[in-house]
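Everything below concerns the one structure shown next.
The values are calculated or read from the model by the stated rules, or taken from the named source; none is laboratory data. In this text the structure is predicted, and so the values were computed from the model without any measurement. Methodologically, a virtual Cβ is constructed for each residue, glycine included, from the backbone with ideal geometry; neighbour enumeration extends over all protein chains shown. Accessible surface areas use protein heavy atoms only, side chains included; no ligands, DNA or RNA. Shrake-Rupley method; radii C 1.70, N 1.55, O 1.52, S 1.80 Å.
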Amino acid sequence: MSLSKPLYSLFGVYFEQLFSHPIRTKSITNSVLAASANYASQRIDGQKVVNQQSVVAYALFGLLFGGSVPHYFYQAIEWLFRHDFKYRKFVQFISERLVYTPIYQALCLYILSLFESNSHDIALKSAEKLYWPLLKANWQYFTFFVWLNVYYVPPMLREFFTTIVAFMWMTYIARKRRRFQENQAVNSKSKPN
């Protein structure tokens, strides 16, 4: 019980900031979330030394794109499909899955690679190799959570629910990208010059 008061206070401050300064709050939250997910994925993989450049790249992506892009997308969806639209939630769900997710996934893979100091060519090649497997995995594993969020989570808690799900997804992306990079490094060393 003694822990509940500070938690309620923390959530109160968070929701107040979310209401007063949505983009700033979402961007900072996403930055912390993305960096934490990258760090967690490195620890899960058993890495002894944390790749700080990768953690910073994820934090920077979360800060610059993780809060603003989803905010404006969902704001546009709310504006396009007003509350009196009969199939509003279904169209929101389908739009998120078939429009937003593929575009945001490509942006995420490409920008993260650039933020890790890779060249345009390497970032593009990395994004091309990882895009389809990650998009399929997203559709396969997270469609239920998106559906749940659109249909059953109250609007006030949607951002919080999305943050929890996004943490799991960012951890998965970080692990897939790191394995891809390790395979690329092994393949480049094994090829004769």
Check: What chymotrypsin sites (Phe, Trp or Tyr not before Pro) does segment 51-96 have in DSSP loop regions with at most 15 other beta carbons within 10 Å?
Finding: F85, Y87
Next item on the list: Would you kindly compute the Cα radius of gyration of segment 116-180 and its largest Cα-Cα separation (Dmax), both in Å?
Entry: 14.6, 43
Next item on the list: Check each of the trypsin sites (Lys or Arg not before Pro) in segment 77-110 and keep only those in coil by DSSP with at most 13 other C-beta atoms within 10 angstrom; list them in order.
Entry: R82, K86
Margin query: Just to be sure I understand the model, the point goes 7 Å from the Cα along the line to the Cβ. What's the resulting R43 to Y87 distance in nm?
Written below: 4.5
Note to self: With a 1.4 Å probe and all protein chains left in place, how much of the accessible area of the chain comes from carbon and sulfur atoms, in whole percent?
What the structure shows: 67
Check: Looking at the chain, how many pairs of lysines come closer than 25 Å at the Cα, when each pair is eight or more places apart or spans two chains?
Finding: 16
Note to self: Just to verify a number: FRET efficiency for E16 and S190, C-beta to C-beta distance, R0 = 41 Å, to 0.05?
What the structure shows: 0.15
Checklist line | Calculated diffusion of the chain, Stokes-Einstein form, Kirkwood radius summed over Cα pairs, 25 °C and 0.890 mPa s, µm²/s | finding: 136
Item checked: Distance between modelled label sites at Q52 and W132, nm, 7 Å Cα→Cβ extension -> 3.9
Margin query: Let's test the formula: R0 of 35 Å, r as the Cβ-Cβ distance of Y152 and V99. What FRET efficiency results, to the nearest 0.05?
Written below: 0.95
Item checked: Where labels lie 7 Å past Cα in the beta-carbon direction, separation of S9 and Y141 in nm -> 3.7
